[in-house]
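Throughout, read-outs are computed from the coordinates displayed, never taken from laboratory work. Computed from a predicted model, the values in this text were never measured in an experiment. Glycine gets a Cβ as well: all are built from the backbone with ideal geometry, and neighbour counts include every protein chain shown.
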Amino acid sequence: MRVFDIKKPNSAIAAALKEKIDNLTKPKGSLGMLEELAYRVGLIQQTLSPQLNNPNHILFGADHGIVDEGVSFSPKEVTWQQMGHFLKGGAGISFLCKQHNFKLNVVDSGVDFDFPSDCGIVDCKIRKGTRNFKYEAAITMEELEKAIDCGAMMVDRVYAQGCNVVCFGEMGVGNTSPSSMWMSYLGGVPLKECVGAGSGMVGKNLQHKLDVLMDSARNYQSTEGTFFKKYIGEEKETGGGFVSNGNKDYALEIMRWFGGYEMLMAVGGMLRAAELNMVILIDGFIMTNCLLAAKELDENVVEYAIFGHCGDESGHKRVLDILGCMPLISLGLRLGEGSGAICAYPIVVSAVNMINQMDSFKGASVTKYF
């Protein structure tokens, strides 16, 4: 299993960053979250003059075996159809990347479709969809390791092109279900509080989705009960999940049993980006749960993350609270694909422009007025 060496940003520069921000020509704290963002980006980059260079968006796509249980309103073929649509420029994430000057990288992590070799989609396919986690592990440990390595490789690729700010997105019909399972098991939240509408499951359909996931949790626990006794001792039930308590072996087991290939690649990408001291923009419910999983492997990864938005998917605010993070915007979004994070990106740009382009009181010969 690959081990990432993520260092917490050195706080030696913190006082100088704060002094520079506090002495710009404004009342102290009057630019609110822009000041907090400028401080955070400066700390990540270890400079008083941070820069955002060649922003890239990496979108991983894969299919999920649990879809066979009717947990998604969308038909399975939407995954491969949308993957091609992204590159044609007509999808939600496509116009946002174009508007905000992000290079869009579309990656086949495990889609149940054979894309032409010259279509522009990066081929990292591990398998044509995960197994059905209601009955067995969705992913093998070997596949998990490969997925994490592939995600890291994609970050290496954009980093080599001068990118220092990266955003991750996903496409995979049914992937709110594995995300809910990760949230429950790794965050210690009752499963019923983690399960939302996804692509439009409401009423009896939403109840069916919850029933399937609860059955999946019960089947897993009866099959793998000895694992809990071996690794975490006393089991703390949370209505479909157990508290991780920071055990990496346990976290990896949950990630592979209930995960998706695109989710694991995002985890690997986040860990590698943090290792390279890059700014990481975090999107909605699924990507926030990927960061929750990444944090189980190295808690310092959160130091490099900026949370774009709080989406409309049930459970997203709860997992943000678990991570102790404040999102930049709340627009009622639940598209996924990375859309919310890229919508919020101009705010990050404003923060960086603030610290670089505003005069200091001394430089502008303005008397401090606070």
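What to note about this one:
- Helical contribution to [θ] at 222 nm, DSSP H n ≥ 4, -39,500 (n - 2.57), averaged over the chain, rounded to 500: -14500 deg cm²/dmol
- Helix 248-258 and the long axis of the chain differ in direction by around 60°, with both axes built from C-alpha atoms.
- Any cysteine of the chain lacking a neighbouring Cys Cβ under 4.7 Å - listed by number: C97, C119, C163, C167, C194, C290, C310, C325, C343
- Residues E299, E35 in ascending order of nearby Cβ atoms (within 10 Å, fewest first): E299, E35.
- For the listed residue pairs K7/K295; K192/K317; K134/K204; K26/K103; K8/K362; K125/K209, the alpha carbons are over 25 angstrom apart in K26/K103; K8/K362; K125/K209.
- Of K248, K317, K204, the one that fluctuates the most in a GNM where the chain has Cα springs shorter than 10 Å: K204
- Residue of P55, P116, P178 that the Gaussian network model of the chain assigns the largest fluctuation, springs spanning Cα pairs under 10 Å: P116
- Distance from the alpha carbon centroid of the stretch 59-84 to that of the stretch 250-316 works out to 20 angstrom.
- The chain: most fluctuating residue of M171, M214, M183 per GNM, C-alpha cutoff 10 Å: M214
- Cut-off 14 Å (backbone N to label point 7 Å along Cα→Cβ of K248), residues of the stretch 133-152: 145
- The chain: relative contact order in percent, alpha carbon pairs under 8 Å with at least 6 residues between: 25
- Whether the stretch 1-67 is rounded, prolate or oblate, judged on the alpha carbon gyration tensor where a/c under 1.5 counts as rounded: prolate
- Residues D123, D118, sorted so that the one with the fewest Cβ neighbours within 10 Å comes first: D118, D123
- For T367, T288, the sequence from fewest to most other C-beta atoms within 10 Å is T367, T288.
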